[in-house]
Amino acid sequence: MSLFTRSLLRATTRPTFYPTTATTFTKTTGITSLFARYLSDSTRAAIDNAVATSPVVLFMKGTPEFPQCGFSRASIQVLGLQGVDPQKFTAFNVLEDDELRQGIKEYSSWPTIPQLYVNKEFVGGCDILMSMHSSGELSELFEKAGVLAPGDEAEPTTSSSSSSESAEKKDSTKTE
Amino acid sequence: MAENSGITAETLEQTIRSKLEATYVSVIDNSGGCGQIFEAVIVSPQFEGKTSLAKSRLVNTNLKEEIAQIHAWSNKTYTPAQWEKLKEKEAGEA
């Protein structure tokens, strides 16, 4: 658990909303929140990029190390419990960027943060994660998406020596 | 200090009951009075056949203005059938 958190941290020190070289996200200065309701093309494009950073993307308040909201904290914990591979995970701190903070809500038509995306698809916020976590839907989703850390869920490793000539690797774990 | 949103558990509950035809609603104000933090349990036949995401979206759409004014909004959504099952389970565990 702590191991995960640590490696998760490493993964998330990497990205902020501005992956240093990105020029996609230009800040429009002086935009008033009242009229910022509609996503500009540049904001949308920047969020498109953000969502595609990793197979699993969480927009949260604070960082995985220091979540600044109980809902974000709970979501990070669930991802940890599920065994999401830190290599396949990126977190964005919306508190660092007000345009992202507002834009992401329009982008997903979802009024609150945190927001989880898996393979660019919006999954839900904290409540949904919690209910999917306890119902088993979440582990199913993560497994199908192939985003779990290797080793945890013992992949059936062939015990026989590697002389087996058939290279077919049919995924036998999927039983629908 | 959070300013008062003017939204109360009662007004939210009324809106939920009328817009979502909810058969059971529980709204808890966790804000300590400023009207910023709410937690809701909603049971409605309108949720029938919907995923949790779709259910929450339905709630959020109907409460769009209210949610925009508050800081934290959490909701659990059930169809009447799911709600019955949950209550049975809880009774069994107790």
Every residue in the range A:100-136 that is more than 16 Å from the chain's Cα centre (by Cα), more than 9 Å from chain B (Cβ to nearest Cβ) and either assigned to a helix (DSSP H, G or I) or under 23 Å from B:Glu65 (Cβ atoms) (or both), please. A:Gln102, A:Gly103, A:Glu106, A:Ser134
From the option list A:Thr5, A:Thr43, single residue qualifying as assigned to a helix (DSSP H, G or I), at pLDDT below 95, of a type outside the set (Lys, Arg) and surrounded by 18 or more Cβ atoms within 10 Å (Cβ to Cβ) is A:Thr43
Given the residues B:Leu86, B:Leu53, which is the only one that is without any contact (Cβ under 8 Å) to a residue 24 or more places away in the chain and touching a Gly at 6+ places or on another chain (Cβ under 7 Å)? B:Leu53
Among (1) within 12 Å of chain B (Cβ to nearest Cβ); (2) surrounded by fewer than 21 Cβ atoms within 10 Å (Cβ to Cβ), which single condition is A:Glu96 missing? (1)
Of B:Thr61, B:Thr15, B:Thr79, B:Thr51, which residue is away from chain A (no Cβ under 14 Å) and among the polar types (S, T, N, Q)? B:Thr15
Kindly provide the set of residues from the range B:64-76 that are more than 9 Å from chain A (Cβ to nearest Cβ) and assigned to a helix (DSSP H, G or I), ordered by number. B:Glu65, B:Glu66, B:Gln69
Please go through the range A:50-62 and give me each residue that is of a type outside the set (Phe, Trp, Tyr) and either within 13 Å of the chain's Cα centre (by Cα) or assigned to a loop (DSSP other than H, G, I, E, B) (or both), ordered by number. A:Ala50, A:Val51, A:Ala52, A:Thr53, A:Ser54, A:Pro55, A:Val56, A:Val57, A:Leu58, A:Met60, A:Lys61
Within the set of pairs 6 or more residues apart or between chains, which connect a residue that is at positive phi inside the range B:17-28 to a residue that is surrounded by 14 or more Cβ atoms within 10 Å (Cβ to Cβ) with Cβ atoms less than 7 Å apart? B:Glu21/B:Ser44; B:Glu21/B:Gln46
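The values are calculated or read from the model by the stated rules, or taken from the named source; none is laboratory data. Worth saying up front: this structure is predicted, and the values here are computed from it rather than measured. A quick note on method: Cβ atoms are made from the backbone with ideal geometry, for glycine too, and the neighbour counts reach across all protein chains shown.
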